[in-house]
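The values are calculated or read from the model by the stated rules, or taken from the named source; none is laboratory data. All values derive from a computational prediction rather than experimental measurement. Quick reminder, even Gly has a Cβ in these numbers, built from the backbone with ideal geometry, and neighbours come from all protein chains shown.
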Amino acid sequence: MLTRRSFIISAIVLAATLIAPGLRAAELPKVVASFSILGDIVHEVGGNRIAITTLVGPDGDAHVYQPTPADARAVADARLVVVNGLGFEGWLDRLVSAAGYKGSIAVATEGLSAIKSEEDEDHDGDHAKADDDEDHEHHRHGEFDPHAWQSIANVRIYVANIVKALTSMDPVGAKTYESNAARYLAELDALDNEIRSAIATLPRDRRKVVTSHDAFGYFAHEYGIEFLAPVGMSTESEASAGDVAKLIRQIKNDHIYAVFVENISDRRLLDQIAKETDANIGGTLYSDALSSSDGPANTYLKMMRHNYRTLTGALNIM
Amino acid sequence: MIYDQLIGPFVEFSFMRRALIGCLALALGATPIGVFLTLRRMSLTGDAMAHAILPGAAVGYLVAGLSLGAMTLGGIVAGLTVAILAGLVARTTIAREDASLAAFYLISLAAGVLIVSMRGSNVDLLHVLFGTVLALNDDAIRLIAGIATVTVVLLTVFYRPLVMECVDPGFLRSVSRLSPVAHYGFLVLAVLNLVGGFHALGTLMAVGIMILPAAAARFWVQNVGGLIIVGSVSAFLCSATGLLLSYHINLPSGPAIILTAGLFYVVSLAIGVYSAPMARLRSTRHLEA
């Protein structure tokens, strides 16, 4: 019954529900990370002092990501945005300006010595190529290889940069961030040793692998396994027949018999290559994104562990 | 040396041979359809229908991943639905055929992109749009070859009504009951070939292999049979050339094929037997009283 009293009561209740959010106790500062791997690392350092949102989720390809309005909203509400840098997130500048974000952007790869974009095959220098008289410069997405997280040494720099960024956003939590980082760095060190000793058990001539795109340059550089791919540094480019032919020839010449599919790439081309060279699909590697939460690689540590075990597992059997 | 450059790649690599076979099947099946599309002034309709199959393939992809069967079936259903709906809307409302087809194909394209984005990462969308002629597996080749066979057989059987339909549909309607069969059967064949081409070259370029060689052939011959032959032969040669370019100078394969066909079109435009410059150069007999 619409009496004057009920009207006043409902007006008060309505006003209360509208004002209440403003009266809530201080919420956790919102931090936005550009993609899943970075999001996991920021989460490890920030712990439960921050509320983190990730833009490019699990199994997502940040090279070709199309931001949504929800992303723009998340960025606009954020106190801090953490990105990889080195040209990985080509879409970020437009998103930031579209969202009207005026806060600070932390670049995780700052101060890192990046590998230049170049033909992966030239890495070790002792690699004899049968008839490679043309050295093609593929179109690269930017001057540097952005996949720096594939080397744990680089992730230590990521952690340091993230600690700095979180501390300047929230100085009160400095101690917490430091101790979280110290704990995480210890875990990273342990993993690094694990990887090195596992790879040391592989015979030298078995340390070659084929995968979908050139995402493992830093891993190759750091841990000494050679990665070959038909598609270059960014998944945006389409494979040409020449690239595929060169790869097949190399696989046959070097007796590489394990091919690895990536979680973000189209596996049809890799299937075709595997069939033509009698290679086996050695498993799935996680290059640019974590797996979904029920997958084997839903944190950075699990991802690296899964990757190295898949690699050494297949290469040992060969 | 010539052998090394032209034949060598195909001898050495199985994926090159498979790509070539896929393109041969497309040249035999899709290009004759393209000839009829250009004769009936339905070239842009063909383009629109190519985009219309995207949501069907996308739904198939959503249900079963990059599965050939699911995406093919979905594509066929979507293509036929749009073709029939567009015609229906044109006949029963005040909308004209071209506007209604444009409306439906734009809706389909957006729906298709949305559906693919919902499920996978954007990499998959790119491959759906651009296809992978270098990665045709056995099932894909069987599909494309099967579609080509069906097309060749049906085009042979229905050759006369189809030609008549292109030239004088009213006459055909008056003398034969085969007119609707010819019209709708042709649309079904067109959708089938677009779906086949879609697996090899993707949405954006499947229609290229259909229309470009057919349009170019028009400048070399003037009878329907000739158009079909010149169209198919040139489609195959352009595909082979495109694949060789992709091999030797590292161009992406799908665009290389379509751009070669495009180049052939431009050349035909300029120096084909029936092109404008050539027509001028031929001496014409003046009407004399």
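Residues in segment B:268-275: is at least one under 27 Å from B:Ile53 (Cα atoms), at pLDDT 90 or above and hydroxyl-bearing (Ser, Thr, Tyr)?
Scanning segment B:268-275 turns up no residue that is under 27 Å from B:Ile53 (Cα atoms), at pLDDT 90 or above and hydroxyl-bearing (Ser, Thr, Tyr).
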Determine if segment B:90-104 includes at least one residue that is in a helix (DSSP H, G or I), more than 26 Å from B:Ser234 (Cβ to Cβ) and among the acidic types (Asp, Glu). yes
Hey, any hits in segment B:209-221 for a residue that's of a type in the set (Val, Ile, Thr), more than 14 Å from chain A (Cβ to nearest Cβ) and in a helix (DSSP H, G or I)? yes
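Specify which of the listed residues (A:Arg206, A:Arg196) is modelled with pLDDT under 90 and more than 14 Å from every other protein chain (Cβ to nearest Cβ).
A:Arg206
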Looking only at segment B:222-258, which residues are of a type in the set (A, V, I, L, M, F, W, C), within 11 Å of chain A (Cβ to nearest Cβ) and over 15 Å from the mean Cα position of the chain (by Cα)? B:Leu243, B:Leu244, B:Leu245, B:Ile249, B:Leu251, B:Ala256
So for segment B:238-260 (the condition being more than 18 Å from B:Arg18 (Cβ to Cβ), small (Gly, Ala, Ser) and touching a residue at least 24 places away in the same chain (Cβ under 8 Å)), does at least one residue qualify? no
Any hit, segment B:140-147, residues being under 30 Å from A:Gly60 (Cβ atoms), at pLDDT 85 or above and within 11 Å of chain A (Cβ to nearest Cβ): yes
Of all residues making up segment A:283-318, the number that are assigned to a strand (DSSP E or B) and either of a type in the set (Phe, Trp, Tyr) or surrounded by fewer than 23 Cβ atoms within 10 Å (Cβ to Cβ) (or both): 2
Within segment A:59-106, restricting attention to residues that are acidic (Asp, Glu) and more than 14 Å from chain B (Cβ to nearest Cβ), which residue is surrounded by the most Cβ atoms within 10 Å (Cβ to Cβ)? A:Asp77
Kindly state which strands (runs of 3 or more DSSP E) lie completely within segment A:25-93 and contain at least 3 residues that are of a type outside the set (Lys, Arg) and free of Cβ contacts under 8 Å to residues at least 40 places away in the same chain. A:51-56
